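The values are calculated or read from the model by the stated rules, or taken from the named source; none is laboratory data. Because the structure is a prediction, the values reported are computed rather than measured. We place every Cβ from the backbone using ideal geometry, glycine too, and count neighbours over all the protein chains shown.
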Amino acid sequence: MAALSNGTTNGVASGDSAAGPVSIRFSDIPSAIDIPVQGDQEDEAVEIDLEDLVDDPTELCTLFENEHAAKTYWMTVALAYAKQHKIDHAIEMLLRGGGAIQSNTSNPRDKVSMICCLCWMYLWKSREAPRVPPDGIRVSEAKTKEYYLQLATSSLNDAARLNPSFPPIFLARGVLLLLRASLQAPSKTAGSIGSEKQELLKTAVKSFDDALRVSQGKNMLALMGKARAFFSLQKYPDSLAIYQDVLQKKPALVDPDPRIGIGCCFWQLGFKNDAKTAWERSLEITPDSKVANILLGLYHLDASGHVPVNSEDFVKLYKKAMTEYTQKSFKLDKDLPLTCSTFSNYFLSRKSWDNADKLAHKAIQYTDVNAIASDGWYVLARKAHYNGDIENANDFYRRADDARGGADTGYFPAKFGAAQLSVVKNDLGEAKLRLEKMIQQSKSHEAMILLGTLYAEEIFAHQNTDTKEDKSAEMKKAINLLEAVRSTWKDPKRNVSPDASVLLNLARLYETENPEKALQCLQQVEQLELEQIPSSEYPEGITEEAEIQAAIRKFLPPQLLNNIGCFHFQAEKHVLASEMFEAALGACMKMSEKDNTVDTDALVSTISFNLGRSYEAQGLSDKAVEVYEGLLNRHDDYTDARARLAYIKLRQSPNKEGPDAVAKLYQDNTSDVEVRALYGWYLGKVSRKRPGNVAEDPEFRHYKHTLQNYDKHDRYALVGMGNLHMMQAREMRRETDADKQKRSAAYGKAVEFFEKALSLDPKNAYAAQGVAIALVEDKKDYKNALAIFNKVRETIKEPSLYVNLGHIYAELKQFSKAIESYETALSKDGKHNDPVILACLGRTWLNRGRAERDIDAYIKALECAERALEVAPEQVHYKFNVAFVQIQLVTTIQGVQENRRTAEQLEKAAEGLEAAITSLDAIAAHPQTPYPKHDVEQRANMARNTLRKQLERAIGKQKEWEEVNKEKIAAAQSQREAELKRREADRAEVLAKEKERQDKIRKEREEIAAKVKLETEERARELEEDRARKEAELTEDEEGNKVKRKRKPAPRAPGEGRPKRSSKKKAAKDDDDDDSDEGSHAKKKRRLTTRENSKFKSAEIVVDSDEEDGDAGGDDDDDDVLDRADRIGRSSPVASDAGENVSNAGDDEDDDRMDVDAPREDDDDDEPSARQPTKRARRGRVVESDEEDDE
């Protein structure tokens, strides 16, 4: 940005920073002027003090008219008035003077300069006039900017008619067109300028070009006007180049100051720090520059917007912007529109409505920049919005938007404010339309936040109603919008701070479908809150980050901690849940300490109950009971806590205290549907014989009573009724078609209850699971049932779900998935040795063994049956299952070929068969057999009489076969072991080779990386040396510019011969080398002229140090004529006169060589003696072989 002139920067003359440039505006106006008057004496005159002019110029005008004063006096006094900012008096002087000059002279061109000066005065008045008529003044009487521009246009036309080639007219026309362009309405198309404004600006550029043409490029004001026109045309690089050109050509120019324009261009190009530097330099030169002050204030305001509001940096930047810069600019000029607009925003934030209103109106009235007017209207709109004046706020927002183009362009904050007003008016449809259009245009995160919040609130309101309207589309829109906002926080270029409200809304949206994402959102909010806690609150002596966070969580909102704990509880992370609930209780206590008026009792009660539930889930029943009892001591009517205590007692003492506690709870809270649900669950768990008629079942009657008398939409009762009907259908006979129809009708009744529950709660997993079970048991519709179970699996984590999935997969013959499902059910808490699940798992292994004729599967089935019997030895049917599997194993193993079984397996099967026979005899003697006694006895007899003999024969045959094939078996086993060893050795070898290959690759990469590093360092060193060498070759010319050092030959010793000339081929090569070093500057064509050869002449440059010789010698790598001359000159004594002649002859010879070996910069040298060769240079010469060798 710095412009250099005579070694100084930015207008500081002679290196003296204290004597900076000053404004020369009106500097040619003297302090007094003598007006010649007619009198007795010829030299009689009246002195007029131009620094203390009278307020009424009428007397002066009369004096000048009577004395027929020349136009110079008229214009001098008018400019003196203008210097004192009395523009109206200056205009009156010029008008009266124009009339007087016209009557006193016959040449109308004499008053052209006065008319042109009058035009400039009108332009000045236009800058200070209001943009719109002030309140209470008629439009026809108002002297607005447009009014003065019309007068200026008229004056300019008058001057052009008198003398169209008058130079000041071009500059005045350009400025007039600039001002008229600024008043044009903004373009309604994004990224473009209005056609009328564009034409005006292009015409202004032409006028400025004309002014530059007539001034031969010396009119700096015309050059600045052209830069200003390019700036308005949004050609910021071109504008910047011109402003910098002005500063370089005239660094003392400060009024107007090109540094202001340079900074504005840098700002528009995104180089804000460079803009700040330019404005600071302008302020350094002109401390009272109101424009530089307000621009620096805006820079610091913009910088404060990129740091957190509660940080020290924000306070520092904002304070500096307002008190150091903006306030000073306001004191310098209370009517500067940009300052008024900035201060109005400040007063708006302070809710100083009167000051904000006054300054905003002033900014609107006096600005000639549409954006400043838009800012003023926006301040008025926000003020009305704050005060609830919806109608005026809407109108002001519209004007602010229109002032910047409206429609597709316009002012985004104004559009956003109008959308907010639509929300206030509860016109959410219009608000959404406005916001969606804004997002299409700008992807603004503020608009996305508001629109996403509107959709989210719509979803939250819908969740609290009983309507069945589908809101999935709104849900998707809300999540996409808020997630898009969330992604902008990760973009360092946008520098957008995270918003906790966005995360909280996302957490609520994710709560049901994606609890993991909801938890992530809440944890991010927690992190944001933790970052806001000052370091002074951190505990002393703790260095671990986790411990510090746990200690300062008490400063966070307890609601946030409670919600995080709830999500941990749902994810079955009960230890983390307990920690969060405990931290939430601590936060409640901290809140009460800070403010005694805050009622935290409801929060403490809820969080305490949640803490008790987390203790229960961890099996810490004693702690849970302690929490519940403490809660009941404060609120004895807390029914949920009493219900949990009754449940714990029922689990701990299912025969006495538990049932009593449940019964007492039910008696005290008969109308509480939650208590009734618990009591219904208790009735279902009571061991009793189910009646044949489901209507007589106590549990059924209880649910029916709940639905009829308390809540007909109680979902727990509906699902319970469905389960009871399904249990009844499962026990019904199915021999005849009538029985099957009756049974199917019972299943249909169960499905009706499930579907009713689903209609009330579409996400009721238990009702959906009931429908799936009914489909399987009644319709054998396994595929649809499987789809339901897979959906339910995402919600229900209970073992029963996986048991049902196992049943489905078993029926579908997908035994592997069935086994996996049963094993998952067994892995759940408290179900590791569940005999029912074990029996199902054993049955699946048995069916798999039958299907695949796999003895191992039978053995697995037997193990499961034995585990079930071990857990429940009193259950006869588990004993029967063990015997049945043992018999099935014997039956199967008999049919297996000898090479697929062993005698050991057969003997174990024989032992199992004997145990099965004993078990069947015992089962047949049991009073409650699982199957008819006759069938059990018959199966035992078959095993005793038939299977035993068959198995004995099979054992004998297997032993004979194994004896005969003993050697083959041993050989096969040894061969198998050898094969296994070989495979293991091959595998180890492959792994070793792969490891060796990886090591080799790693070493090669390390070597390559080291080599690249060395090459990079070597290249960087060479570049640095080359740069240093080139820098050493440079010197400064008489204008202070960097040029390449010229090389001149050193004087030769007396008698030394002329150095040999290089061949043309060598010269061409040197030229190429120079080209590559110095750039691609084309060699200038030169006219060869004859030069006088004086007998005596001196060298152009006296070589006075070895350093210069060394520098000169560094141009070419090879030894050339000048290098040898330098060395000879340094080694020889002082030349004599004869030697001087020889040296001069060498100079002539050097001249004849046409600068082949000289630096490229010498082409621009203006000295003909060093540039122009003699005629002899045009002749060629024979190059001897020994010369080429020397080269």
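Looking across the range 739-767, the residues that are acidic (Asp, Glu) and either touching a residue at least 40 places away in the same chain (Cβ under 8 Å) or out of contact with any helix residue (DSSP H, G or I) (no Cβ under 9 Å at 6 or more places or on another chain) (or both) come down to 739, 761. Of all residues in the range 664-680, those that are surrounded by fewer than 19 Cβ atoms within 10 Å (Cβ to Cβ) and not acidic (Asp, Glu) total 6. Any residue at all in the range 300-319 that's of a type in the set (D, E, K, R) and buried (at least 22 other Cβ atoms within 10 Å of the Cβ)? Checking the range 300-319: not a single residue is of a type in the set (D, E, K, R) and buried (at least 22 other Cβ atoms within 10 Å of the Cβ).
Here the condition is being free of Cβ contacts under 8 Å to residues at least 60 places away in the same chain, hydrophobic (A, V, I, L, M, F, W, C), part of a helix (DSSP H, G or I) and farther than 16 Å from residue 152 by Cα; of 90, 100, it holds for 100 alone. Select the helices (runs of 4 or more DSSP H) contained entirely in the range 877-968, then report the ones holding at least 3 residues which are in contact (Cβ under 8 Å) with a residue 24 or more places away in the chain and of a type in the set (Val, Ile, Thr). Filter on the range 877-968 gives an empty set. Within the range 464-480, the residues that satisfy the criterion of being not in a helix (DSSP H, G or I) and either not assigned by TED's automatic domain parsing to the domain that holds residue 451 or not β-branched (Val, Ile, Thr) (or both) are 464, 466, 468, 469, 470, 471. Considering the range 532-545, the residues that are modelled with pLDDT under 80 and part of a helix (DSSP H, G or I) include one that is surrounded by the most Cβ atoms within 10 Å (Cβ to Cβ), namely 537. Of 608, 578, all but one fail to be farther than 30 Å from residue 667 by Cα and of a type in the set (Gly, Ala, Ser); the exception is 578.
For the range 130-166, the candidate set comprises residues that are free of Cβ contacts under 8 Å to residues at least 24 places away in the same chain, within 16 Å of residue 113 (Cβ to Cβ) and assigned to a helix (DSSP H, G or I); within that set, the residue that is farthest from the chain's Cα centre (by Cα) is 161.
Only one entry in 734, 715 is in contact with a Leu (Cβ under 8 Å, 6 or more places away or on another chain) and basic (Lys, Arg), namely 715. Within the range 374-387, is even one residue loosely packed, with under 14 Cβ neighbours inside 10 Å and either of a type outside the set (Ser, Thr, Tyr) or under 24 Å from residue 494 (Cα atoms) (or both)? Yes, because at least one residue in the range 374-387 is loosely packed, with under 14 Cβ neighbours inside 10 Å and either of a type outside the set (Ser, Thr, Tyr) or under 24 Å from residue 494 (Cα atoms) (or both).
Residues are listed down the side, and each one gets a yes or a no for (1) farther than 15 Å from residue 613 by Cβ; (2) within 30 Å of the chain's Cα centre (by Cα); (3) in the same structural domain as residue 612 (by TED's automatic domain parsing):
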residue: 539; (1), (2), (3): yes, no, no
residue: 542; (1), (2), (3): yes, no, no
residue: 555; (1), (2), (3): yes, yes, yes
residue: 576; (1), (2), (3): no, no, yes
residue: 580; (1), (2), (3): no, no, yes
residue: 586; (1), (2), (3): yes, no, yes
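From the list 853, 793, the one residue that fits, being within 55 Å of the chain's Cα centre (by Cα) and at pLDDT below 90, is 793. Selection of the range 408-436 for residues being within 23 Å of residue 193 (Cβ to Cβ) and assigned to a helix (DSSP H, G or I) yields 412, 413, 414, 415. Scanning the range 801-827 for residues that are among the hydroxyl-bearing types (Ser, Thr, Tyr) and over 46 Å from the mean Cα position of the chain (by Cα) turns up 809, 816, 822. Those helices (runs of 4 or more DSSP H) of the range 285-397 in which at least 1 residues are under 30 Å from residue 23 (Cα atoms) and out of contact with any Leu (no Cβ under 6 Å at 6 or more places or on another chain), considering only elements entirely within it, cover 290-304, 327-332, 337-349, 353-366, 370-386. In the condition set (1) assigned to a helix (DSSP H, G or I); (2) touching a residue at least 24 places away in the same chain (Cβ under 8 Å); (3) farther than 30 Å from residue 619 by Cβ, residue 840 is compliant with all but (3).
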